[in-house]
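Working notes, structure below.
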Amino acid sequence: MGEYKNIILEFDPPAAILKVNRPRALNALNPETIRELSEALDEILNHKEIRGVILTGEGEKAFIAGADISRMPDMSPQEAERFAEEGQKLTLKMEEYPLPIIAAVNGYALGGGTELALACDFIYASPKAVFGQPEVNLGIIPGFGGTQRLARVVGVNQAMEIILTGRHIPAEEAYRIGLVNKLVEGDLIEEAKKTISEIAGRGPLAVMYAKKAVRRGLELAIEAGLELERSLFGLVFASEDRIEGVKAFLEKRKPEFKGK
Ligand code: DAK
């Protein structure tokens, strides 16, 4: 198992829980944390019993309060671009990841925090969660995909207002505009685990290809998206899981999927 300084990786099959663990800096993202998150995602794939990942923040206050501002004064424009590249690569890896990733937003999710949550497949939040893209307050713009993904999720007008004002978006508003799927009054991680367990009962290949079809399709014109759906449909139709799934339905029993 990997040695991590800035994150905690826990296995509770079928879920893996990935926690950013810098609570004194409100879990702000430095380059090391970004690297460890990426390594942990690779490590999780060696555990075949894991069917989904929950991304959250350690401590009472924050999910991720953005990029580590204390590192910014000394950064050259070239280093800033490199940092943005690493962050963007992580978000792409999350979108391409073969397992679902749920953001469990337990507090402040500002800047890079909102951006990492957006790269997850969907977001659950506690009522004390706070979202926002406050970069314009610092004289910069979002650099981990916020200008691209926020508009795709909540629509261009909502995204424009959030990015141009830099204001804090309380959990209730985030829920209302469709940024958050579910507001969880009780145990946020337990709720996310329940959803992963639900998904773990479905065909593993079907879940993987469905995520891929939705993600890749978003970037395509409708004809190309439908073509992609057709070809993935053909692939999954050739699987043993499809034979088992259909057979189990006809025999009125639960399917036993093998991921093959
Ligand atoms: N970075 C580093 N430290 C942070 C931090 C951050 N983003 N946010 C909070 N902290 C630290 C505070 O400095 C404080 O440290 P100490 O003074 O105790 O040593 C500790 O966490 C507790 O914070 P506060 O005392 O401020 O706590 P409050 O409850 O009063 O306020 C807050 C909580 C979340 C409202 C406030 O801390 C806050 O506004 N934080 C900054 C949030 C923010 O602006 N985040 C967006 C950062 S910009 C890039 C690509 C991407 C990005 C940047 C560059 N490349 C192109 C290079 C992304 C940018 C962002 O994410």
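The values are calculated or read from the model by the stated rules, or taken from the named source; none is laboratory data. Just so you know, these numbers come straight off a predicted model, no measurement behind them. When we count neighbours, we look across all protein chains shown, and the Cβ atoms used for this are built from the backbone with ideal geometry, even at glycine.
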Can you find a residue that is surrounded by fewer than 24 Cβ atoms within 10 Å (Cβ to Cβ) and away from the ligand (no atom under 15 Å from the Cβ) anywhere in region 110-121?
yes
Please work out which one of (1) within 16 Å of the ligand (Cβ to nearest atom); (2) within 16 Å of the chain's Cα centre (by Cα); (3) of a type outside the set (D, E, K, R); (4) outside any helix (DSSP H, G or I) is the condition Leu37 fails and give its number.
(4)
Return yes or no: is Val207 within 16 Å of Asp121 (Cα to Cα), in contact with a helix residue (DSSP H, G or I) (Cβ under 7 Å, 6 or more places away or on another chain), modelled with pLDDT of 95 or more and of a type in the set (Val, Ile, Thr)?
yes
Considering only strands (runs of 3 or more DSSP E) wholly within region 54-153, the ones with at least 3 residues that are aliphatic (A, V, I, L, M) are 101-105
For region 155-167, check the following and say yes or no: at least one residue is in a helix (DSSP H, G or I), among the polar types (S, T, N, Q) and within 12 Å of the ligand (Cβ to nearest atom).
no
Is it the case that Ala67 is small (Gly, Ala, Ser) and modelled with pLDDT of 95 or more?
no
Is it the case, given these coordinates, that Glu219 is part of a helix (DSSP H, G or I) and acidic (Asp, Glu)?
no
Per the list (1) part of a helix (DSSP H, G or I); (2) out of contact with any helix residue (DSSP H, G or I) (no Cβ under 9 Å at 6 or more places or on another chain), residue check on Gly186 breaks on (1)
So Glu185 passes all but one of these: (1) more than 16 Å from the chain's Cα centre (by Cα); (2) more than 16 Å from the ligand (Cβ to nearest atom); (3) surrounded by 14 or more Cβ atoms within 10 Å (Cβ to Cβ). Which condition number does it fail?
(3)
If you take the residues in region 40-81 that are among the polar types (S, T, N, Q) and in contact (Cβ under 8 Å) with a residue 40 or more places away in the chain, which one is farthest from the ligand (Cβ to nearest atom)?
Thr56
Test for Glu191: is it touching a residue at least 40 places away in the same chain (Cβ under 8 Å), assigned to a helix (DSSP H, G or I), away from the ligand (no atom under 16 Å from the Cβ) and within 25 Å of Ala28 (Cα to Cα)
yes
